[in-house]
1. Tell me, what are the semi-axes, in whole angstrom and largest first, of the equivalent ellipsoid of the stretch B:299-393 as set by the roots of 5 times the Cα gyration tensor eigenvalues?
2. If I require 30 Å or longer along the helix axis, counting alpha carbons, and a Kyte-Doolittle average no lower than -0.5, what helices from chain A are left? Use full DSSP H segments.
3. Measuring from label point to label point, each 7 Å out along Cα→Cβ, what is the B:Leu145 to B:Glu325 span in nm?
4. Can you pull the mean other chain C-beta count within 10 Å for peptide B:338-345?
5. Choose one answer from B:Pro327, B:Pro306, B:Pro266: the residue with the largest mean-square fluctuation in a GNM of chain B with alpha-carbon springs under 10 Å.
6. Rounded to the nearest 5, what % of DSSP beta bridges with both residues in the protein assembly as shown are antiparallel?
7. One decimal, nm, shortest first: give the distances between the label point of A:Ser71 and those of the same position in the other copies, each label point 7 Å from Cα along Cα→Cβ.
8. Provide Rg over Rh for chain B; use the alpha carbon set for both Rg and the Kirkwood Rh (inverse mean inverse pair distance).
There are 2 protein chains.
Amino acid sequence: MRDDPARLSFERTATDGAARTGLLKTGHGPVETPAFVPLATSGTVRGLSSAEVEGLGYGMVLGNTYHLLVSPGPDRIREAGGLHSFMGWDGAIITDSGGFQVFSLAHGGVADEIKGTGRRSGGPAETISIEEEGVTFRSYRDGSLLTLSPEASMEVQAALASDIALVFDECTPASADRDYTAASTARTHRWLDRCLAWHEVNGPVGQAVYGIVQGGVFEDLRRESVEYVTSSAVDGVAIGGTLGRDKEEMGGVLSMTMPFLPDAAPRHLLGIGEVDDLMRGIGLGVDTFDCAVPTRLARHGMALAPEPESRYRIDLRKSRMTGDEGPLVEGCRCEACSNHTRDYLSYLSRAEELTAVHLLVGHNLSYVESLMEGARRAIREGRYGGFAEAVIGGAVPWEA
Amino acid sequence: MRDDPARLSFERTATDGAARTGLLKTGHGPVETPAFVPLATSGTVRGLSSAEVEGLGYGMVLGNTYHLLVSPGPDRIREAGGLHSFMGWDGAIITDSGGFQVFSLAHGGVADEIKGTGRRSGGPAETISIEEEGVTFRSYRDGSLLTLSPEASMEVQAALASDIALVFDECTPASADRDYTAASTARTHRWLDRCLAWHEVNGPVGQAVYGIVQGGVFEDLRRESVEYVTSSAVDGVAIGGTLGRDKEEMGGVLSMTMPFLPDAAPRHLLGIGEVDDLMRGIGLGVDTFDCAVPTRLARHGMALAPEPESRYRIDLRKSRMTGDEGPLVEGCRCEACSNHTRDYLSYLSRAEELTAVHLLVGHNLSYVESLMEGARRAIREGRYGGFAEAVIGGAVPWEA
């Protein structure tokens with residue numbers, strides 16, 4: 001591990017069991033952890049302005065190297081002065097490596113089990129080859145051939161000038177056997193070295209790099225990967241790859257990984273963001289999460305809610321809410337809940353009005369930020385276990 | 001004309017030639033005029049929350065009886081306590097009568113010339129019959145038969161409980177000859193009487209009613225209509241129907257109508273909202289305008305701008321703005337202009353990101369509100385002519 005406050009510093013401020021609060025100091029302001037990182041996939045949190053995302057309490061978003069490479073391309077973003085100034089976002093930015101998306105194409109939905117694929121509809125999108133050198137794929141935008149390799153991914157992320165870059169890795173599918181996973185994990189480690197070597201020479205000043213722990217569902221491979229990643233000069237650790245076929249297996253995989261990470265390292269869990277998963281991840285010591293779930297659900301008319309029996313979501317297009325004058329979630333401070341009824345929001349959602357998406361993205365991100373705030377408070381007060389159990393059981397985070 | 005402050009009062013506060021400023025006091029707050037009234041077609045200004053519309057400086061929106069009749073239906077809105085509480089909007093609401101939309105269907109786009117049609121894509125929508133009693137049409141939502149008549153329109157508007165209702169009229173197309181227009185205008189007058197008779201007995205307490213002046217492009221018919229409407233018990237006057245085939249003819253039609261309206265009556269110009277038309281309308285004494293243009297343009301990637309040679313709009317999907325780090329419109333106070341570059345906004349628009357629509361609706365409505373603010377200031381300062389000329393010539397409203 002590297003410890004260079006000019007790139008990134010992480011200070012633990014409280015612990016409660018394995019859960020911890022902290023302050024992640026980036027080149028674009030500090031982020032209180034545990035924190036959720038909304039996806040600004042293609043340079044925007046879909047449906048919200050950058051100022052609105054900040055207004056919801058977020059200090060960091062995640063940009064997707066794969067999507068931004070395809071459009072508008074790294075040159076344009078470099079010329080705009082990096083992704084921060086391109087998208088008018090003064091907070092911190094973490095960028096992924098593109099590995100998840102290109103391997104999703106190759107494996108036919110690498111992580112459909114719990115993560116959903118990175119594939120976008122519309123154009124031709126396919127992986128042409130996966131080799132030691134890197135991955136070649138066809139742009140979904142114009143069919144042109146593009147390559148991502150450790151060096152190419154770092155180069156794109158250098159153009160994006162994110163505060164935290166992620167190394168290029170293969171995200172193994174849950175269906176991969178031990179042999180495949182072992183070989184893949186070993187390659188991910190070789191790729192980690194290439195990423196760090198490129199970044200050491202060419203990386204932008206102040207950009208931190210997180211390594212990614214792979215190893216699938218195999219305990220020894222996860223341990224090996226933890227050791228490899230944490231012995232290299234990374235500024236933080238992300239946990240990637242399949243986390244299993246279901247939530248139970250996910251808990252198992254996290255449990256064979258988290259305890260072996262150094263306390264001082266900031267820990268990011270890739271692609272996980274359902275309400276109960278966030279609660280369990282924080283309990284196991286995760287500091288930051290990114291996930292498409294809150295924003296993608298909103299685009300499909302679904303609102304996060306304290307309802308465990310329906311996966312903590314309400315489908316506003318299907319629920320019977322006509323005449324229901326109550327708020328979406330009683331006590332939620334978001335605009336949808338402060339100013340509108342379930343009746344109206346379900347009407348807007350069924351009518352597929354843009355305003356519905358706008359209000360629901362705001363609600364879902366506000367709700368997740370309330371979860372994070374509640375978790376931070378509970379950890380500081382030494383009652384995180386009870387908090388998480390209450391939220392998983394159906395309590396709203398501001399009362400748990 | 002009726003003068004009942006318990007329904008509506010209008011106080012002229014300054015005049016400059018025919019242009020005037022005023023205060024329109026509705027049951028939901030006062031509106032400074034001249035004012036633009038954004039369309040909340042189906043119960044939302046598409047892409048913005050009600051609070052955001054208010055934040056842009058608007059005190060009144062327009063709801064479409066036709067669309068709200070089709071979905072979600074007047075019963076649901078009545079049960080929600082009216083359109084204000086249904087959509088969470090505390091400001092004033094004017095509702096149109098549905099006449100424009102049902103006649104647009106019948107006439108195959110009544111006002112394509114300058115207004116665009118009210119037709120929505122998607123479902124089956126056709127007018128089945130036009131008779132003295134009313135108009136029967138097929139719902140674009142589910143194909144069911146619906147009827148709008150003077151009484152039915154007022155009944156829907158009573159359920160919506162708007163502050164200002166509009167009488168049911170026929171919007172004659174520019175292609176109509178004198179005979180057709182005369183017969184249609186006479187029927188519109190009979191319908192006016194039926195609307196007022198229904199409203200007198202059944203209208204909600206406090207709801208004002210505007211009559212609609214028709215008469216096509218024929219001076220004597222317009223004058224006749226002005227006389228008929230202003231001798232009836234209406235609270236205000238709207239100018240409807242075709243305003244001609246082009247902007248010049250529109251000026252002519254307005255000039256044969258506006259001078260004959262009583263000074264004390266509030267005057268609404270239906271369906272007009274391009275930058276130069278707004279400036280000319282205000283110069284002729286119009287107090288309020290509604291129009292789909294600012295919001296519809298935004299949904300198609302077009303931003304209002306002080307550019308007369310391109311109809312005061314920039315097509316962000318077509319313009320070459322890559323690398324242009326300037327704001328959309330220098331000095332504009334909206335969020336798109338304060339916080340984002342042309343480069344980014346054109347990228348978002350081409351990518352058809354929701355955020356582009358959200359930001360552009362905000363920009364276009366902010367820009368129009370700046371036009372109105374500028375006009376009110378210029379009228380108060382006795383320099384409206386110069387202001388309007390400067391804006392029409394390409395000045396930004398905050399510098400004209």
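1. Numbers: eigenvalues 142, 34, 23 Å².
Taking √(5λ) for each Cα gyration eigenvalue gives 27, 13, 11 Å.
2. Details: long enough: A:178-202 (35 Å, -0.92); A:354-380 (39 Å, 0.32).
Within chain A the helices that satisfy the rule are A:354-380.
3. Taking the simple label geometry, B:Leu145 and B:Glu325 are separated by 6.5 nm.
4. 5
5. Highest fluctuation among the options: B:Pro327.
6. The antiparallel proportion sits near 50 percent.
7. 2.7
8. Working: Rg = 20.1 Å, Rh = 21.1 Å.
With Rh from the inverse mean 1/r over Cα pairs, Rg/Rh is 0.95.
Taken together, the values in this text are just the output of simple stated rules run on the coordinates, not laboratory data. Values in this document were obtained by computation on a predicted structure and should not be read as measured data. Glycine gets a Cβ as well: all are built from the backbone with ideal geometry, and neighbour counts include every protein chain shown.
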